[in-house]
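Inspection log for the structure reproduced underneath, given as structure tokens.
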Amino acid sequence: MGGGRAGQDLHLSAEQVRVSRLTRLLESEKALAAALLAPGVAILVLFIAYPFVMALWYSLTSIRVGEAGEFVGVANFTKAMNDSIFQQAFRNTVFYTFWATVFKLALGMWLALLLNRHFRLKRIVRASMLLPFIIPTVLSAFAWRWMFDPTFSVMNWGLYHAGMITDRLPFLSSGDWAMWCAVLVNTWRGMPFFAITLLAGLQTISPDLHEAAALDGANAWHRFWHVTWPLLLPVTLVVVVFSVIQTFSDFQLIYVLTGGGPANSTHLIATYAYQIGVGSGLLGEGAALSLFMFPVLFAVVWVQLRFLKRMDNA
Amino acid sequence: MATVTIRDLNKKYDNGFHAVKDVNLEIRDKEFMVLVGPSGCGKTTTLRMVAGLEEITSGEIRIGTEVVNDLPPMDRNIAMVFQNYALYPHKTVFDNMAFGLQMRKYPKEEVLKRVKDAADILGIESLLERKPRQLSGGQRQRVAVGRAIVRHPQVFLFDEPLSNLDAKLRVQMRVELKRLHERLETTAIYVTHDQVEAMTLGDRVVVMKDGLIQQIGAPLELYGNPANKFVAGFIGSPAMNFVNLAVSSDGRWAETEGLRLQVPERLRSHGGKRLTLGVRPEALQIANGTDQHGFTTTVDVVEPLGNEILLNFRAGGAPMVARVDPGVRIKAHESVRFAVEPGRLHFFDAESEAAL
Amino acid sequence: MLIERKWKKWLYFYLPMAAFIVFTLFPFYWMAVTAFRPDSELYATWRQPNAAPLWTLQPTLEHFYGLMKTTAFPTWLWNTMAIAIVSTGISLICGTFAGYALARLRFRGSEFLGTAIFITYLVPQTLLFIPLADIVRDLQLGNTPWALMLTYPTFLIPFCTWLLMGYFKTIPKELEECARIDGATRFGAMVRIIFPVAIPGILSAGIFAFTLSWNEFIYALIFMSSADQKTVPVGVVSELIRGDIFFWGQLMMGALLGSVPVALVYSFFVEYYVTGLTGSVKG
């Protein structure tokens, strides 16, 4: 009576089995996660992880364009450390990163505080302040180069007519001046990033706190130092780290502004690595030069993570 | 002498919104003045103008004899307790309370003494080394009050300080604040939307609506002699019952469906007009025998509260509430006769809503 | 607004604000003036008494025509735009999927993967360009747009993933659970319920990725060798300087025209861009 019937009910068609297995697969968190992550991870592995390992390998060989070269151990690295141009480039990179970050932070913070007030045209001003950051670096760097041109500089013109100089300023023709000019352009470009991000952070601070501080007798500077700055520290830290990573590995700006000159005095690690690796075709040495950036970046991020963790626990 | 004089105060925002309209107020030395009203009535804006946190559109504010219109907040010698406490999250309780004194360069020993004294008064000595996020709501509120006390200001300003506390705590803190005011003897301006707080805390109360002052007076004055329908309905809980009545042409009777009463002598000139009658729930008594001033109705809902019973019913076409002794035994849908003392009736002009 | 003395407002606000605005926007003004200035006026030395560099009295389009006709600038514009759109598209798809997986699904190694993706951001392009050139050549993608369309996502995906991860975390779980009770599969709930709600976040990531893509230089420089494959940044740098002579008029016109598309797209989506920028830091 019932036996045969029950058996029939439990028997699913092949089709039904296939469909239910597929849905079970899509339901499974693990399988779905794997499927979703696959394309992104694939691109990152193929175009970052793999080349990174290759770069490590190259740096240990004497590979050049056209010939495979042979294993040379750390020869490329020692050569770099004894190379006076590289030493200069390393010093330049630290100088450039340090000063640009300091100025970007100070000016960005100031601008954020200004933008945090209510005034007419606020939206337009805020939007246009981001332009230096939006516009391709190469293009705006050219505009600056034109502004620094030895013969036609508008800044020389302005300063001359304001009576401040009698002879032209050697903006890009002297190594020291050129590095400061690069800091200026980098600051100009990166300041909006700091400003907008710090502004967002400022807006999370309840206005009550500033009002209470004002009632407590704190003037504008005290309010900033005792209330705003401590509360902004986490955001500031993150922004600074992002910026340091970008600035330390910067290539475009110096390449366009000075090309590394005059006489290799304004090279950054990245531009020098390019000159050696691509310009002279010494791929192995170029890779080694680039790798000098990695430990510094890693250290910066590591310090930031420790700091943030300590602040979270405080 | 820390009086606060507000004359013809107005606040208009850029978008045209007129938040405070021609406010005139004289707060006496050591007085606890409460500004009360529904949200958007302008009470907080007025307070903030006294504090210097909002620009004044027109009018004048004096603290003592000094006109403070253009003085920044820190120069007005006032202290404020914010609704959300505004405690500095990264500073300890001690530093929170000491901050104002440190900004004014008080010597260290003085700062220590004042903070300790305030902490003692408020019972938070054990919390001095903690950070705000480690405190409960009630504790944070005390720290906020403590921060105001240490400054020994001329005037205390309170911006709805109890609204973020749970009901029980609120009642407790109310009593403590009153005790504190008696002890410190400092002028205070207190803003709230809760009429119970206004009645229990204020020496005088200002009722505001839509930017205008409706009435200023001692709590019992507002309760017994409300100046208009709004004040009558705002003060007292459950709210006063209102009925619309039409007056007969000869001015002697006022009636609406199911309700008819004699118009008192002084109002007989209102013949042919419309009136609003107001009577408080506690003024309605269960009638005994043959009272002339009464009416019969059927009870809809009975709400026993333990200390009293609320009877909900309809009379004169309007829903009403009566407050009776807990011993009364009335059930829903029973018929009841209520009586009112003529002296406890309030009359308002139907259009202007002013008391008559 | 706190009451403050009137003169303070001028000193502390209007003056600095004006200074910032001039500082920020002057180079663009200069770019534009130079682009429309005839060559004859252009090369007036800085000490010449009648030099008036701040404006031009005879605006001209000669540089515009020169740029369009004698160089491959229009092609560069097209290339850059196409590459930006495709790489942004690829990164958005990968980033949205990955962001969702990391934010919503529980599986072993999800924290590790999140950190790993973060680490890839640390590896600068200036380190990878040397071996990448070889890989691109081996895949026979050299000098084709696909070289960039596939490599740009390497720095766009981590950013998109992060941003969208943070965004997904703010969407309440109840939405999905309700959908699944209503009969949708996990995948269906993701696509039909969650993604539409996340569109603002996706727009933010997209517009930010778009601007980053326009800004890229070194990969384009290395992988693209022929003039008709170059992107705007590379083309302007390599083709407008002939033998040590800078054709500033055309250069500035090129810089100006090269900036316009990005600026235009940005101006339509400013709020989204700002959300993207700040979200990446908070995440």
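Look at residue A:78 and say whether it is more than 8 Å from every other protein chain (Cβ to nearest Cβ), hydroxyl-bearing (Ser, Thr, Tyr) and over 24 Å from residue A:176 (Cα atoms).
So residue A:78 passes the test.
Scan the stretch C:157-164 and give yes if some residue there is touching a residue at least 24 places away in the same chain (Cβ under 8 Å) and either more than 12 Å from chain A (Cβ to nearest Cβ) or surrounded by fewer than 18 Cβ atoms within 10 Å (Cβ to Cβ) (or both), otherwise no.
yes
Just to be sure, is residue B:115 aliphatic (A, V, I, L, M), outside any loop (DSSP other than H, G, I, E, B) and free of Cβ contacts under 8 Å to residues at least 12 places away in the same chain?
On the way: aliphatic (A, V, I, L, M): yes; outside any loop (DSSP other than H, G, I, E, B): yes; free of Cβ contacts under 8 Å to residues at least 12 places away in the same chain: no.
When the stated conditions are applied, residue B:115 does not pass them.
Only one residue in A:127, A:106, A:143 is more than 7 Å from chain C (Cβ to nearest Cβ) and either crowded, with 17+ Cβ neighbours inside 10 Å or assigned to a helix (DSSP H, G or I) (or both). Which one? Before you say what the answer is, go through the steps one by one.
Values: A:127 fails: more than 7 Å from chain C (Cβ to nearest Cβ); A:143 fails: more than 7 Å from chain C (Cβ to nearest Cβ).
Only one candidate passes the filter, namely A:106.
Can you tell me which residue among B:96, B:15 is touching a Lys or Arg at 6+ places or on another chain (Cβ under 9 Å), among the polar types (S, T, N, Q) and within 14 Å of chain A (Cβ to nearest Cβ)? Break it down stepwise before answering.
Details: B:15 fails: touching a Lys or Arg at 6+ places or on another chain (Cβ under 9 Å).
Exactly one of B:96, B:15 is touching a Lys or Arg at 6+ places or on another chain (Cβ under 9 Å), among the polar types (S, T, N, Q) and within 14 Å of chain A (Cβ to nearest Cβ), namely B:96.
Taking the stretch B:65-85, which residues are farther than 20 Å from residue A:219 by Cβ, more than 7 Å from every other protein chain (Cβ to nearest Cβ) and in contact with an Asp or Glu (Cβ under 9 Å, 6 or more places away or on another chain)?
Of everything in the stretch B:65-85, those that are farther than 20 Å from residue A:219 by Cβ, more than 7 Å from every other protein chain (Cβ to nearest Cβ) and in contact with an Asp or Glu (Cβ under 9 Å, 6 or more places away or on another chain) turn out to be B:67, B:81, B:83, B:85.
Run residue A:245 past the list (1) away from chain C (no Cβ under 12 Å); (2) touching a helix residue (DSSP H, G or I) at 6+ places or on another chain (Cβ under 8 Å); (3) surrounded by 17 or more Cβ atoms within 10 Å (Cβ to Cβ) and report the number of the one that doesn't hold.
Condition not satisfied by residue A:245: (1).
(1) out of contact with any helix residue (DSSP H, G or I) (no Cβ under 8 Å at 6 or more places or on another chain); (2) at pLDDT 90 or above: which one isn't true of residue A:150, the others all being true?
Failed condition: (2).
Quick test of your reading of the structure: residue A:273 fulfils all but one of (1) part of a helix (DSSP H, G or I); (2) more than 27 Å from residue A:105 (Cα to Cα); (3) more than 10 Å from chain C (Cβ to nearest Cβ). Name the failing condition by number.
It fails just one condition, (3).
Among (1) more than 7 Å from every other protein chain (Cβ to nearest Cβ); (2) modelled with pLDDT under 85, where does residue C:123 come up short?
(1)
Would you kindly identify the helices (runs of 4 or more DSSP H) lying entirely within the stretch C:185-238 that contain at least 2 residues that are away from chain A (no Cβ under 14 Å), small (Gly, Ala, Ser) and crowded, with 21+ Cβ neighbours inside 10 Å?
C:199-215
So which of B:97, B:74, B:80 ends up being within 27 Å of residue B:133 (Cβ to Cβ) and not in a helix (DSSP H, G or I)?
Values: B:97 fails: not in a helix (DSSP H, G or I); B:74 fails: not in a helix (DSSP H, G or I).
The conditions single out B:80.
Here are some residues: A:301, A:278. Which one is among the hydrophobic types (A, V, I, L, M, F, W, C), free of Cβ contacts under 8 Å to residues at least 24 places away in the same chain, within 29 Å of residue C:219 (Cα to Cα) and within 11 Å of another protein chain (Cβ to nearest Cβ)? If you could, list the steps in order and put the result at the bottom.
Working: A:301 fails: free of Cβ contacts under 8 Å to residues at least 24 places away in the same chain.
After ruling out the rest, the residue left standing is A:278.
Looking at (1) touching a Lys or Arg at 6+ places or on another chain (Cβ under 9 Å); (2) crowded, with 22+ Cβ neighbours inside 10 Å; (3) of a type outside the set (D, E, K, R), which is the one condition that is false for residue A:136?
Here residue A:136 meets the rest and fails (1).
Any residue in the stretch C:87-115 that's within 8 Å of another protein chain (Cβ to nearest Cβ) and farther than 21 Å from residue C:196 by Cβ: show its pairings with residues that are crowded, with 17+ Cβ neighbours inside 10 Å and modelled with pLDDT under 90 at Cβ separation under 7 Å, as long as the two are six or more apart or on different chains.
Matching pairs, first to second residue: C:107/A:33; C:110/C:102; C:113/A:37; C:113/C:102.
Hey, which of the helices (runs of 4 or more DSSP H) in the stretch A:174-234, taking only ones fully inside, have at least 2 residues that are surrounded by 19 or more Cβ atoms within 10 Å (Cβ to Cβ) and free of Cβ contacts under 8 Å to residues at least 24 places away in the same chain? Show your work before the answer.
Details: elements: A:175-202, A:207-215, A:220-223.
Passing ranges, in order: A:207-215.
Which residues, counting only those in the stretch A:70-91, are surrounded by 15 or more Cβ atoms within 10 Å (Cβ to Cβ) and not charged (D, E, K, R)?
If the condition is that a residue be surrounded by 15 or more Cβ atoms within 10 Å (Cβ to Cβ) and not charged (D, E, K, R), then A:72, A:75, A:76, A:77, A:80, A:85, A:86, A:88, A:89, A:90 are the ones that fit.
Here are some conditions: (1) at pLDDT below 80; (2) closer than 23 Å to residue A:252 by Cβ. Residue C:146 meets all but one. Which one does it not meet?
(1)
Right, residue A:238: more than 19 Å from residue B:102 (Cα to Cα) and either in the same structural domain as residue A:306 (by TED's automatic domain parsing) or over 24 Å from the mean Cα position of the chain (by Cα) (or both) or not? Steps first, please.
Details: more than 19 Å from residue B:102 (Cα to Cα): yes; either in the same structural domain as residue A:306 (by TED's automatic domain parsing) or over 24 Å from the mean Cα position of the chain (by Cα) (or both): yes.
Criteria met by residue A:238.
Could you tell me whether the stretch B:259-277 includes any residue that is of a type in the set (A, V, I, L, M) and without any contact (Cβ under 8 Å) to a residue 24 or more places away in the chain? Give the steps one after another, and end with the answer.
Initial filter on the stretch B:259-277 (of a type in the set (A, V, I, L, M)): B:259, B:261, B:263, B:267, B:275, B:277.
Retained after the next criterion (residues that are without any contact (Cβ under 8 Å) to a residue 24 or more places away in the chain): B:263.
There is at least one residue in the stretch B:259-277 that is of a type in the set (A, V, I, L, M) and without any contact (Cβ under 8 Å) to a residue 24 or more places away in the chain.
Could you check residue A:128 against (1) in contact (Cβ under 8 Å) with a residue 40 or more places away in the chain; (2) out of contact with any Phe, Trp or Tyr (no Cβ under 8 Å at 6 or more places or on another chain) and say which number it fails?
For residue A:128, the failing item is (1).
Among the residues of the stretch B:50-63, which ones are more than 13 Å from chain A (Cβ to nearest Cβ) and more than 22 Å from residue B:103 (Cβ to Cβ)? Before you say what the answer is, go through the steps one by one.
Keep residues of the stretch B:50-63 that are more than 13 Å from chain A (Cβ to nearest Cβ), which gives B:56-63.
Within the stretch B:50-63, B:56, B:57, B:58, B:59, B:60, B:61, B:62 meet the criteria.
Hey, can you tell me all the residues within the stretch B:13-45 that are surrounded by fewer than 22 Cβ atoms within 10 Å (Cβ to Cβ) and assigned to a loop (DSSP other than H, G, I, E, B)?
The answer is B:13, B:14, B:15, B:16, B:17, B:28, B:29, B:30, B:31, B:38, B:39, B:40.
Only residues in the stretch C:180-192 that are within 14 Å of residue C:96 (Cβ to Cβ) count as the first member; pair them with residues that are in a helix (DSSP H, G or I) and at pLDDT below 80, Cβ under 6 angstrom, at least 6 apart or cross-chain, and list the lot.
Here the result reads C:187/A:26, each pair linking the stretch C:180-192 to a residue that is in a helix (DSSP H, G or I) and at pLDDT below 80.
Is it the case that residue A:212 is farther than 30 Å from residue A:303 by Cα and at pLDDT 90 or above? Quick ask: steps written out before the conclusion?
Values: farther than 30 Å from residue A:303 by Cα: yes; at pLDDT 90 or above: yes.
For residue A:212, the condition - farther than 30 Å from residue A:303 by Cα and at pLDDT 90 or above - is met.
The values are calculated or read from the model by the stated rules, or taken from the named source; none is laboratory data. Just so it is clear, the structure is predicted and the values come from calculations on it, not from any experiment. Note that each Cβ is placed from the backbone with ideal geometry, even for glycine, and that neighbours are counted across all protein chains shown.
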